[in-house]
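Have a look at the structure below, then the notes.
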Amino acid sequence: MIPLDRFTVVLDACTLFPMLVRDVLLTLAGHEFFNPKWSARIRAEWMRNLSERLGERSFDGNTVERVQRIAAAMESAFPDAAIEFEFTEAAILEPVDVKDRHVVAAAMAVQADAIVTFNIADFAVAHLQEHLQIEVIHPDDFVMDLVDLHEKRAVSAFRELRARKQNPPWAPRELIQRLQKSGLVQTSRWLSTEDVVALI
C-alpha cells in the first residue's frame, strides 16, 4: 500500500472551484492523506470559473482579488502542488475528451496515482487504469476511500474544517447539508451517523 503522505493526486479544476469541495479535499491533504497537485492550466480554469460564479453574486467589485487570495493561500499551504510541464498531445491521450487531456498529461508528468474529478465520463477510465495505472475517481468516492483508510484522522480533519467556519459558525448539521448539496452525498451520510456527528 502507498503511504498516505506519498499518495499523489491531481485535482481537476471542477473539484477546486466549488468552495466546500475544495475545502474538504485540501483539509484532508493538510492532514497528510495525500499530496495534491495541479497545473497552471488547472489553476487558471478553477480561478476563472470561481470568479464567474462569485461575480454573479457579488456587487463589491472585489471578486478577482478574492479569488487571487484563495489561490495564494492554497499555494502557501501546498508549495509543492504546482506542476510545471510542457503539454503535448500523445496517442495514449486520444480516448480522453480533448478538453481534459491536459489533466491526464499533468498526472503523467508527476506519476500521479489518481485524478479526482466530477467529470468521470470524460476521462476514459478503463484506458487510463490499464495503460497508465492512473485511477480516475469522483471526489465523493475519493473522500470515502480516505475515510476507510483512517476514519479517526478523517473525523479530525472535518472537525477542523467546521471549526474554521466562524462567520457565521456552522453547526454539524449545516455542514452535512452543504456537503450533500455540493455532491458529496456519501460523505454527508457518513458524517450524519450518530457516532461521527457527535465528534465534529
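The values are calculated or read from the model by the stated rules, or taken from the named source; none is laboratory data. Treat the numbers as computed from the prediction; the structure is a model and nothing was measured. All Cβ positions, glycine included, derive from the backbone under ideal geometry; neighbour counts span all protein chains shown.
Annotation: V10 fulfils all but one of (1) outside the structural domain of R69 (by TED's automatic domain parsing); (2) touching a helix residue (DSSP H, G or I) at 6+ places or on another chain (Cβ under 6 Å); the unmet one is (1).
Determine whether V67 is buried (at least 20 other Cβ atoms within 10 Å of the Cβ), assigned to a helix (DSSP H, G or I) and modelled with pLDDT under 95. So V67 passes the test. Which ones in the range 7-23 are surrounded by fewer than 21 Cβ atoms within 10 Å (Cβ to Cβ), among the β-branched types (V, I, T) and assigned to a helix (DSSP H, G or I)? Correct list: empty.
Specify the residue that is surrounded by the most Cβ atoms within 10 Å (Cβ to Cβ); the eligible residues are those in the range 120-136 that are under 15 Å from V10 (Cβ atoms) and touching a helix residue (DSSP H, G or I) at 6+ places or on another chain (Cβ under 7 Å). Checking each candidate, the answer is V136. Only a single criterion out of (1) buried (at least 21 other Cβ atoms within 10 Å of the Cβ); (2) within 20 Å of T8 (Cβ to Cβ); (3) touching an Asp or Glu at 6+ places or on another chain (Cβ under 8 Å) is not satisfied by L184, namely (2). Per this entry, A29 is counted among residues that are of a type outside the set (S, T, N, Q), in contact with a Pro (Cβ under 6 Å, 6 or more places away or on another chain) and not assigned by TED's automatic domain parsing to the domain that holds A13.
Look at the range 73-100: where a residue is in contact (Cβ under 8 Å) with a residue 60 or more places away in the chain and a partner is basic (K, R), sitting 6+ places away or on another chain with Cβ atoms under 6 Å, you get I83/K37. When restricted to residues that are in contact (Cβ under 8 Å) with a residue 12 or more places away in the chain and either of a type in the set (A, V, I, L, M) or not in a helix (DSSP H, G or I) (or both), the range 162-185 contains 7.
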